[in-house]
Amino acid sequence: MRGNGGARSPGNLWQVSVTPSPRRVALLTLGCARNEVDSEELAARLDAGGWQVSTDATGADVVLVNTCGFVEKAKQDSIETLLAAADTGAKVVAAGCMAERYGKELAESLPEAQAVLGFDDYADIAARLDGVLAGERFDAHTPRDRRELLPITPVQRQAARVVIPGHATVDEHTPAHLRSVLRRRLDSGPVASLKLASGCDRRCSFCAIPAFRGAFVSRDPQELLAEAEWLAGTGVRELVLVSENSTSYGKDLGDPRALEKLLPQLAAVAGIVRVRASYLQPAETRPGLVEVIATTPGVAAYYDLSFQHSSEPVLRRMRRFGSTERFLELLDAARALAPAAGARSNFIVGFPGETRQDVDELVRFLTDARLDAIGVFDYSDEDGTEAAGLPGKVREETIKRRYDRLVSLADELCAQRAEERLGSLVEVLVDTVAGGEVEGRAEHQAPEVDGSTTLVSGDTGVDLEKLVPGDLVRARVTATEGVDLIAVPVEMIDAVATRG
């Protein structure tokens, strides 16, 4: 170094401090809203560990992919995302459901990934990425059935010390409502998911999720209320309650009516204008819950029901309960309380043993159910599921034919259901305002999956140009495009407090 006049002197050296370059990680999330919540927990842990977190892989030192491992297409999307991340030159880390489900198998088949991390690594995720950046190699875990980590009796699970993504407790000695929220939002939109619980105790023969997500565990109601208040403080206006099975919420807390009690409390959080429950199991949807969803101010009259099929023989092979008539009765009960209530569901076609008569029964149900949104999936064997070993496999060409028929019918029926709303008033939460177009969602439209409502100008006194994301307006439906609505604002219901 150069001292005064260029002379060197041990006692007169300039002290130069070099600030280390920030460590940058891009966090990419695939799959469902539950994964999005998990990613925001990871983001908070990484931020606390000194990492700069974004969702843009450009210039990142590490790309962390929160994978989905639900069905074959989702797994393929995860692989393609991991390979694309490797092409950026960054170090690549796989986490999430696919990484948890396959562990060493995924690591061996994907050498492009520097690490494959399971759920047990989440608590030390910043240190894991530090090691990856330093060139350290981590042995991937050997997958195990995570249901075996928790007691069989639900009420004993709260005391178990098992890593459950989205259930992080910063300080167990502090009351739940006073704990810090271990979450960092990765977007600034007016809608956010709130994880009620993780895992599932059901044994649907086609589903592998319980094996790698574990047994059902609820989150503490006070913790949920505290997180809802925190989310509201970040600008969230709508909460979407997510889990593998929301209707089981509270059974391990000793209160099977916990969700009925929680919904009004969440709707009362300052700043929150809408609460939406999702992932309801028809067999567990009690009359009291139907009533709370239909009649509580601030709770969307919306029923996201996991029907999967309506033919009794198929449902029994799926290890599920119900029938066309029972499902229609459930929908009728909801609409008796809230005639405009929204309803959606997913269905599997081509399940082992499914006959033409079974498909006809499903068509009958769909025709009578008047659902607002219908998801159709073609059956495929999933590793480790009972259904993979069932006899009576349906030929691929038959599955495709049935799938195409059901998709076409679903599009037609959902468009008809949207047309039934012509002339009606709907409450629209504004999601985006861009290029002069204002887009939002009515109560019967969940984020990303159920269509949207475009607001257009009319002689109503509501200035379209002044609307911002998060505003809640009442609007009259004037036209439809498939499942999407076009509506004219009639009045402001609840404006965002701070106008940008």
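The values are calculated or read from the model by the stated rules, or taken from the named source; none is laboratory data. It should be emphasised that the depicted structure is a prediction, and the values quoted were computed from it without experimental measurement. When we count neighbours, we look across all protein chains shown, and the Cβ atoms used for this are built from the backbone with ideal geometry, even at glycine. Calculation scope for accessible area: heavy atoms of the full protein, side chains included, ligands and nucleic acids excluded. Shrake-Rupley method; radii C 1.70, N 1.55, O 1.52, S 1.80 Å.
Data for the structure
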item: Rounded to 10°, Cα long-axis angle of helix 221-233 versus longest principal axis of the chain; result: 70
item: Size of electric dipole in region 109-249: Cβ of Lys, Arg +1 and of Asp, Glu -1, about Cα centre, debye, nearest 20; result: 360
item: Isolated Cys residues of the chain, judged by Cβ distance under 4.7 Å to other cysteines; result: Cys32, Cys68, Cys97, Cys200, Cys414
item: Where region 89-147 is the region considered: accessible area per residue in Å², 1.4 Å probe; result: 42
item: Helix 33-48 axis, angle to the chain major axis (alpha carbon atoms, nearest 10°); result: 20
item: 0 to 90° range, to nearest 10: angle between helix 356-369 axis and the chain longest Cα axis; result: 90
item: Label point distance in nm, Ala336-Leu425, each placed 7 Å from Cα along Cα→Cβ; result: 2.6
item: Kirkwood Rh in Å, taken over all unlike Cα pairs in region 402-500; result: 14.0
item: Nearest-10 value in Å² for the accessible area of Phe70, using the 1.4 Å probe; result: 90
item: Cα Rg, Dmax (largest Cα-Cα span) when computed across region 310-441, Å; result: 17.7, 56
item: Surface share of carbon and sulfur [accessible, 1.4 angstrom probe, percent] for region 181-326; result: 52
item: Cβ charges +1 (Lys, Arg) and -1 (Asp, Glu), total dipole of the chain, debye; result: 1020
item: Summed residue charge, Cβ within 14 Å of Leu194's Cβ, Lys/Arg positive, Asp/Glu negative; result: -1
item: Carbon and sulfur %, accessible surface of region 386-500 computed with the full protein complex present, 1.4 Å; result: 49
item: Area of Met492 that stays accessible when all protein chains are in place (1.4 Å probe, Å², to 10); result: 80
item: For Phe307, residues with placed amide H under 5 Å, excluding near neighbours; result: Asn346
item: Region 304-338-region 364-424 distance, computed between alpha-carbon centres (Å); result: 14
item: Amide H partners (placed H, <5 Å) of Tyr302, local residues excluded; result: Gly342
item: Average accessible area per residue (Å²) across region 217-363 - probe 1.4 Å, nucleic acids and ligands excluded; result: 34
item: Cα-based equivalent ellipsoid of the chain: semi-axis lengths in Å, sorted from largest, via gyration tensor; result: 41, 30, 23
item: Furthest towards positive pole of dipole, Pro489, Ile125, Gly69, structure part the chain, Cβ charges; result: Ile125
item: Unsatisfied cross-links (Cα-Cα over 31 Å) in the set Lys195/Lys393; Lys75/Lys261; Lys75/Lys195; Lys73/Lys195; Lys91/Lys251; result: Lys195/Lys393; Lys75/Lys261; Lys91/Lys251
item: Estimated inter-spin distance, Trp230 and Gln416, nm [label 7 Å along Cα→Cβ]; result: 4.7
item: Protein-only accessible surface order, largest first, of Lys466, Lys261, Lys195 at 1.4 Å; result: Lys466, Lys261, Lys195
item: Kirkwood hydrodynamic radius of region 192-268, Cα pairs, Å; result: 13.2
item: Residue-span extension gain [Glu465 to Ser21] - 0.36 nm each, minus C-alpha spacing; result: 155.6 nm
item: Potential lengthening between Asp124 and Arg405 on full extension [0.36 nm per residue; Cα-Cα distance subtracted]; result: 96.4 nm
item: Given charges at Cβ of Lys, Arg, Asp, Glu: the chain dipole, positive-most of Asn245, Gly440, Ala168; result: Ala168
item: Label point distance in nm, Thr355-Thr454, each placed 7 Å from Cα along Cα→Cβ; result: 4.7
item: Heavy atoms of Leu129: accessible area, 1.4 Å probe, square angstrom to 10; result: 0
item: Sequence-distant residues sharing a close amide H with Ser193 (under 5 Å, placed H); result: Val240
item: Average projection area in nm² (convex hull over Cα atoms of region 279-340, one quarter of hull surface); result: 4.1
